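Data block below; observations after.
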Amino acid sequence: PAMEAPPENPQLEELFKFDPYLRGYETELRRRYNCLRSEWRRIEEADGIERLSHGYREFGVRVDPDGTVRCQEWAPNAQAVYLRGDFNNWREDQYPFEKQPFGKWTLVIPPKPDGKPAIEHNSVIKLLIIGPQGQRLDRLSPWAPYVTRPPKGAPSGTVYEQRLWNPPKPYKLNVPRPPVPASLRIYEAHVGISSPEERVATYDYFRESVLPRVRDLGYNCIQLMAVMEHAYYASFGYQITSFFAASSRYGTPCELKQLIDAAHSMGIIVLLDIVHSHASNNTIDGLNQFDGSNNCYFHDGPRGRHDLWDSRLFNYTSLEVLRFLLSNLTWWIEEYGFDGFRFDGCMSMLYHHHGLNHNFSGHYDEYFGMSVDTESLTYLALANWLLHKAHPFVITVAEEVSGLPGLCRPVEHGGYGFDYRLAMAVPDLWIKLLEGVPDQDWDVAKICFELENRRYGEKAIAYAESHDQALVGDKTIAFWLMDKEMYTHMSTLSDPSLIIDRGIALHKMIRLITHALGGEGYLNFIGNEFGHPSGWTSPAWQRRVLLLCQAAVQPG
């Protein structure tokens, strides 16, 4: 059956019940909703949302059950496209693609006489694209499900390699998804840094050594960052080069599926940190200039570049870009079993200024003026509508700091469909206090007000710190509280230290009050291993909550 389309008219009165101030912007809300409806109709008339959101079934290099290798790419500015690799000793002209309408190129390679594919599993393959000026370009397929780093000893400058992933016995997901939790308790994790050893940890290590501990600590959700393949490891997974590939640094696609099955068997749902706000500037192993032009997947000119991140910005009005991104969402849900997404960089998407050199005052004109990027907003609403209608269990979380009203209200009400937003002002509150105010002077009433100051009717994920604070140019709260004492007084064999005792106590209290008042869900980043949910139901912690609340209402 055809997927349900957004209703003809939004139920704006439902939106106004939660935020009466929005009534003054009804005309703009209706215009934005009509943009969504128009985009939906355009997709249905062109290809249909079902086909468009499953593009990985048609694009890239894939193998049919009978051994036929089928290839399809979108390279509208290319003059010619070839496939080559280990399987044909890298001959450049043996397998040319045929040009099709709308910038598409196709290739069919029949099976060998014995019925086996002409390209063996794990063979290195690569596209040769002749660009608009006749330039010869080595490229990886944007739809590649598996790319690997060069082997040790490879020449300097060697980039990632695409490999045909067609194992004879692929791993099949076999554990049912757990029920959607009423309240999320998220353990944000990076597989590569999950081991205490000086190495990049693996999917298998995380499954065997980290997951049981996460379960025992009381979390019901893990949020995995840096899974989508990224050539630059120090970007922590935010400079994506291959959108459909699970990072080979940690293991194979089958091992990632085993990890997700193991989490589901423990009653833990798994969210993917997905990056659709921008893409790596890399060309040889990324999307940039895939067909030799600047405007294949991205806007041309300044609008297609993020100066601060040195990355490319998608053209969300292109049907082929929508096919790529919406199929990417479907791929991670259906192929790997993820239960939802944290959408990275939403504020950068929502505004033409990307939030750079702009301080939001909270005035609603800032959310309904010319600085808002309607095309990006339409894409996010479209993605949320598709995900929740096709997969009702999906949870979506927005990383968005401007406070856009309606972001976490239903699309049919005139909102944008996210289930949660990250309460990004909360960690800023704690850092400001730790940097500039002695803890004996903290105003508990003000802290409680700030923690509860969020949009009514829109669920938030509260956290004291995430990877932004722990990894990206800041100190963890533990180091703000205890600093150098942590190196000498954290052992039971060390001399007692009031700094450590007070620091650990405050560290736990910060987490407790953040969880209690900061939102409808809670998040902790891997490595910040104090004050976990498993201890919050004890009578001692409940007494502490009562004392905090009493202190908040007492004069002075």
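The values are calculated or read from the model by the stated rules, or taken from the named source; none is laboratory data. Note that the coordinates shown come from a computational prediction; the quantities given were computed from them, not determined experimentally. Don't worry about glycine lacking a Cβ; one is built from the backbone with ideal geometry, like all the others, and counts go over all protein chains shown. The accessibility values were calculated without ligands, DNA or RNA, using every heavy atom of the protein model including side chains. Shrake-Rupley method; radii C 1.70, N 1.55, O 1.52, S 1.80 Å.
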Starting from the Cα gyration tensor of the stretch 263-400, take the square roots of the eigenvalues, sort them a ≥ b ≥ c, and report rounded, prolate or oblate (rounded when a/c is under 1.5, otherwise prolate if a/b is larger than b/c, else oblate).
-> oblate
In debye to the nearest 20, the charge dipole size for the chain, taken about the Cα centre with +1 at each Lys and Arg Cβ and -1 at each Asp and Glu Cβ, equals 800 debye
The chain, accessible surface, carbon-and-sulfur percent (1.4 angstrom probe) = 52 percent
Of Val147, Val63, Gln79, which is farthest on the positive side of the dipole of the stretch 57-164, counting Cα position, with +1 on Lys and Arg Cβ, -1 on Asp and Glu Cβ, and the Cα centre as origin?
-> Val147
Could you work out the helix-only [θ] at 222 nm for the chain, with each DSSP H run of four or more residues adding -39,500 (n - 2.57) and the total divided by the number of residues, to the nearest 500 deg cm²/dmol?
-> -8500 deg cm²/dmol
Accessible area of the chain divided out per residue, in Å², using a probe of 1.4 angstrom = 43 Å²
How would you classify the stretch 57-164 from its alpha-carbon gyration tensor, with a ≥ b ≥ c the square roots of the eigenvalues: rounded for a/c under 1.5, else prolate if a/b is greater than b/c, otherwise oblate?
-> oblate
Cα axis of helix 26-46 to longest principal axis of the chain: angle in degrees, 0 to 90, nearest 10?
-> 30 degrees
Would you mind finding the longest exposed-site-free stretch of the chain, with exposed GluC sites (Glu not before Pro) meaning DSSP loop and at most 14 other Cβ atoms within 10 Å?
-> 199-528
Packing-based order for 171-180, 402-411, using average beta carbon neighbours within 10 Å, highest first = 402-411, 171-180
Kindly identify the stretch 250-336 as rounded, prolate or oblate by the Cα gyration tensor criterion: order the square roots of the eigenvalues as a ≥ b ≥ c, call it rounded if a/c is under 1.5, otherwise compare a/b with b/c, prolate if a/b is larger, else oblate.
-> prolate
DSSP-assigned coil residues among chymotrypsin sites (Phe, Trp or Tyr not before Pro) in the stretch 374-404, each with at most 14 further Cβ atoms within 10 Å | Phe393
